[in-house]
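What follows is a short report on a single structure.
Read-outs: derived from the displayed coordinates by stated rules, not from any lab. For clarity, every value in this text was computed on a predicted model and none was experimentally measured. Every residue, glycine as well, gets a Cβ built from its backbone with ideal geometry; the counts of neighbours run over all protein chains shown.
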Amino acid sequence: MSTIALVDDDHNILTSLSIALEAERYRVTTYSDGLSALEGFMASPPDLAIVDIKMPRMDGMELLRRLREKSDMPVIFLTAKDEEIDELCGFMLGADDFIRKPFSRRVLIERIKVLLRRTVSEAGLSSGEARLSNTLERGHLHMDAERMACSWKGNPIKLTVTEFFILQALAIRPGAIKSRDALKDLADDDRTHVNYRTVDSHIKRLRRKLRAVGCELIGTVFGVGYRFNDPTRYRRIVGLLRQRAPRRSDLPPFPSITSSSQAMQVRTLLWRASASAESGRRVLPPARGASWRKCS
């Protein structure tokens, strides 16, 4: 719920506008002079202020000048004057809009909605740009969205824009399944028709480029979609296996575990180590340097 501040020395205007704005589900705070409004704005800033120009203790122009030293809050001026110089001075000080008295409450409410939508849109754009400039790291994978750069263990990976966005969408939430419909939106543009086979082709090329630098990060959930396999998760499994093994020297040197098949083999070794510890009988893992495919 947005908060609207009303600053006017006319009690009738404060009352009528408060009723109209509360009917539109806005939270309303009222002030009868500029000085009390400035103190209230510093303590609890509203989302938008409607300010009369001529007021006791501090007029609207001085209130706006002091406000702009610390805030970019939208301000609508109410004025009974028809002189152009007042509007020019107001806009030069940073006013967002002018409403002349007498005014229509409906028109004022629509202008309030426009200013609030614009403020929310600008804030969303700023936060989106901030998120875009941030980098994404998953283990040895490094992605820089601002430069559209991707690397694995410092080795650059040349990706197309679509491949980069697909990998980024998967890497944001490791383990979460992304459907082909969700990934199809990333591959879609105005010039080509994109179907499920197109998504599969992008994934195939992306996997080929990742394998070229020695990583296997994209897993398939048949009939559902794809997901990002976080390498750090399987390193924790290896660490647990080493802790629970009967003898540390019996364990083979584990390579970088990135695929679901390798994770299944790690779970098998973990079960063997646990079973041997419980039964008191040693169940040795494969010899050092043995192939992963022979671990089952």
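Close amide H contacts of Met58 (hydrogens built in the peptide plane, cut-off under 5 Å, sequence separation of 5 or more or a different chain): Gly34, Leu35.
If I stretch the segment between Glu39 and Lys158 completely, what's the gain in nm (0.36 nm per residue apart, minus their alpha carbon distance), one decimal?
37.3 nm
Taking the beta-carbon count within 10 Å as an exposure proxy, list Ser201, Ser32 from fewest neighbours to most.
Values: Ser201 12, Ser32 18.
By the 10 Å Cβ count, ascending: Ser201, Ser32.
Amide H contacts of Asp230: Gly175, each under 5 Å away and 5 or more positions distant or on a separate chain (H built 1.01 Å from N in the peptide plane; Pro and chain starts excluded).
Say the cut-off is 20 Å between C-alpha atoms; which of Lys153/Lys209; Lys70/Lys101; Lys153/Lys184; Lys158/Lys178; Lys54/Lys113 go over it?
Lys70/Lys101; Lys153/Lys184; Lys158/Lys178; Lys54/Lys113
Across segment 23-28, coupling constants 3J(HN,Hα) worked out from phi with the 6.51/-1.76/1.60 Karplus curve, θ = phi - 60°, read 5, 8, 6, 9, 8, 10 Hz, and Gly and Pro carry x. Between Ala149 and Arg197, the distance separating the two model label sites (each 7 Å from Cα on the Cα→Cβ line) works out to 3.8 nm. Between the beta carbons of Thr135 and Thr29, assuming R0 = 35 Å, the FRET efficiency works out to 0.25 to the nearest 0.05. With the Kirkwood sum run over all distinct C-alpha pairs, segment 135-217 has a hydrodynamic radius of 13.2 Å.
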